Amino acid sequence: MYQKLKTFLDDEDVVLVAVSKTRSNAAIMELYDQGQRIFGENRVQELVAKQSELPQDIAWHLIGHLQKNKVKYVAPFVSLIHSVDSLTIAQEISKEGSKNQRIIPILLQVKIAMEDSKYGWDTEQLAEAVDELKALENVEIKGMMGMGTFTDDEGITLQEFATMKSIYQEYKEHHFTSEAFQVLSMGMSGDYELAVKSGSTMVRIGSLLFS
Ligand SMILES: *Cc1c(COP(=O)(O)O)cnc(C)c1O
């Protein structure tokens with residue numbers, strides 16, 4: 001599965017984040033040995049443990065909701081935080097970035113799903129916070145992340161991805177105009193093909209790769 005998926009994504013110029021939450025180090029090493037170097041975790045504690053136990057050339061992404069008091073644990077090494085959903089968290093990441101003398105790459109998680117449970121900015125909140133986000137010195141805002149509704153209805157998913165793409169495009173044109181802003185993280189095991197069609201540049205895939 002890995003090579004086939006990787007070839008498809010490489011052809012489309014889409015980056016693969018292998019979502020390794022709940023998976024063993026041995027299972028992660030199987031993908032590592034096939035060449036995968038980017039892994040994503042949704043819990044800080046698990047991310048920190050795996051980072052210390054596994055090869056140091058792995059780029060670790062945090063994809064799950066982040067609490068303020070946990071930022072300090074990932075700040076020294078995290079390669080990309082996908083799930084920045086408030087100004088408070090972005091400020092904390094910048095503060096910890098400064099302490100660690102690094103600029104931490106982040107994505108802004110935008111709420112696109114109709115489901116109520118998902119985290120993320122709504123467009124009004126984002127518009128209000130954008131100037132303060134841009135002023136943060138020790139984060140680099142590299143793009144946006146979105147999660148679609150968990151549904152079999154492709155129409156709903158496509159509509160949500162189209163909304164995500166247009167918000168991303170709008171912010172890229174008007175607010176985050178540097179070259180660095182180029183990542184649109186959307187698509188998981190069940191909807192990555194629709195996501196790629198809709199303009200995703202980075203997919204987060206777990207179950208499909210590890211089953
Ligand atoms: C678990 C998870 C994924 C991967 O989900 P799969 O359906 O296993 O591919 C992607 N993104 C986030 C934020 C996740 O928590």
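The values are calculated or read from the model by the stated rules, or taken from the named source; none is laboratory data. Everything numeric in this text was worked out from a predicted model, so none of it was measured. We place every Cβ from the backbone using ideal geometry, glycine too, and count neighbours over all the protein chains shown. Ligands, DNA and RNA are excluded from the accessible area calculation, which covers all protein heavy atoms including side chains. Shrake-Rupley method; radii C 1.70, N 1.55, O 1.52, S 1.80 Å.
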Looking at the range 149-159, is at least one residue within 16 Å of the ligand (Cβ to nearest atom) and under 14 Å from the mean Cα position of the chain (by Cα)? no
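Matching residues to (1) more than 12 Å from the ligand (Cβ to nearest atom); (2) among the hydroxyl-bearing types (S, T, Y); (3) closer than 24 Å to I112 by Cβ; (4) in contact (Cβ under 8 Å) with a residue 24 or more places away in the chain:
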{"position": "S20", "(1), (2), (3), (4)": "no, yes, no, yes"}
{"position": "A26", "(1), (2), (3), (4)": "yes, no, no, no"}
{"position": "M29", "(1), (2), (3), (4)": "yes, no, no, yes"}
{"position": "R37", "(1), (2), (3), (4)": "yes, no, no, no"}
{"position": "R43", "(1), (2), (3), (4)": "no, no, yes, no"}
{"position": "V48", "(1), (2), (3), (4)": "yes, no, no, yes"}
{"position": "S52", "(1), (2), (3), (4)": "yes, yes, no, no"}
{"position": "I63", "(1), (2), (3), (4)": "no, no, yes, yes"}
{"position": "V84", "(1), (2), (3), (4)": "yes, no, yes, yes"}
Considering only the range 46-60, state which residues are in contact with a Ser or Thr (Cβ under 8 Å, 6 or more places away or on another chain) and open to solvent by less than 10 Å² (accessible area, probe 1.4 Å). W60
So L208, is it part of a helix (DSSP H, G or I) and away from the ligand (no atom under 16 Å from the Cβ): no
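Conditions tested, residue by residue: (1) closer than 29 Å to K4 by Cβ; (2) hydroxyl-bearing (S, T, Y); (3) outside any helix (DSSP H, G or I).
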| position | (1), (2), (3) |
| --- | --- |
| Q101 | no, no, yes |
| E124 | no, no, no |
| E128 | no, no, no |
| D152 | yes, no, yes |
| T163 | no, yes, no |
Kindly provide the set of residues from the range 68-82 that are in a helix (DSSP H, G or I) and touching a residue at least 24 places away in the same chain (Cβ under 8 Å), ordered by number. K68, K70, V71, K72, Y73, V74
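May I ask you to verify whether G97 is touching a residue at least 24 places away in the same chain (Cβ under 8 Å) and part of a loop (DSSP other than H, G, I, E, B)?
Details: touching a residue at least 24 places away in the same chain (Cβ under 8 Å): yes; part of a loop (DSSP other than H, G, I, E, B): no.
No, not satisfied.
Touching a strand residue (DSSP E or B) at 6+ places or on another chain (Cβ under 7 Å) and open to solvent by 10 Å² or more (accessible area, probe 1.4 Å): does that describe V203?
On the way: touching a strand residue (DSSP E or B) at 6+ places or on another chain (Cβ under 7 Å): yes; open to solvent by 10 Å² or more (accessible area, probe 1.4 Å): no.
Spelling it out, it is not the case that V203 is touching a strand residue (DSSP E or B) at 6+ places or on another chain (Cβ under 7 Å) and open to solvent by 10 Å² or more (accessible area, probe 1.4 Å).
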Hey, K118 hits all of (1) assigned to a helix (DSSP H, G or I); (2) open to solvent by less than 70 Å² (accessible area, probe 1.4 Å) but one; which does it fall short on? (1)
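Let's see how each residue does on (1) under 18 Å from L62 (Cα atoms); (2) in contact (Cβ under 8 Å) with a residue 12 or more places away in the chain; (3) not small (G, A, S):
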residue: D131; (1), (2), (3): no, no, yes
residue: A135; (1), (2), (3): no, no, no
residue: T149; (1), (2), (3): no, yes, yes
residue: T177; (1), (2), (3): no, no, yes
Selection count where residues are of a type in the set (S, T, N, Q) and in a helix (DSSP H, G or I), scope the range 165-205: 2
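Being more than 14 Å from the ligand (Cβ to nearest atom), among the aromatic types (F, W, Y), open to solvent by less than 20 Å² (accessible area, probe 1.4 Å) and within 16 Å of the chain's Cα centre (by Cα) is the requirement here; does F176 meet it?
Working: more than 14 Å from the ligand (Cβ to nearest atom): yes; among the aromatic types (F, W, Y): yes; open to solvent by less than 20 Å² (accessible area, probe 1.4 Å): yes; within 16 Å of the chain's Cα centre (by Cα): no.
Considered against the rule, which asks whether it is more than 14 Å from the ligand (Cβ to nearest atom), among the aromatic types (F, W, Y), open to solvent by less than 20 Å² (accessible area, probe 1.4 Å) and within 16 Å of the chain's Cα centre (by Cα), F176 comes out as no.
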Looking at the range 121-146 only, could you name the residues that are within 16 Å of the ligand (Cβ to nearest atom) and either over 17 Å from I103 (Cβ atoms) or open to solvent by 50 Å² or more (accessible area, probe 1.4 Å) (or both)? W121, M144, M145, G146
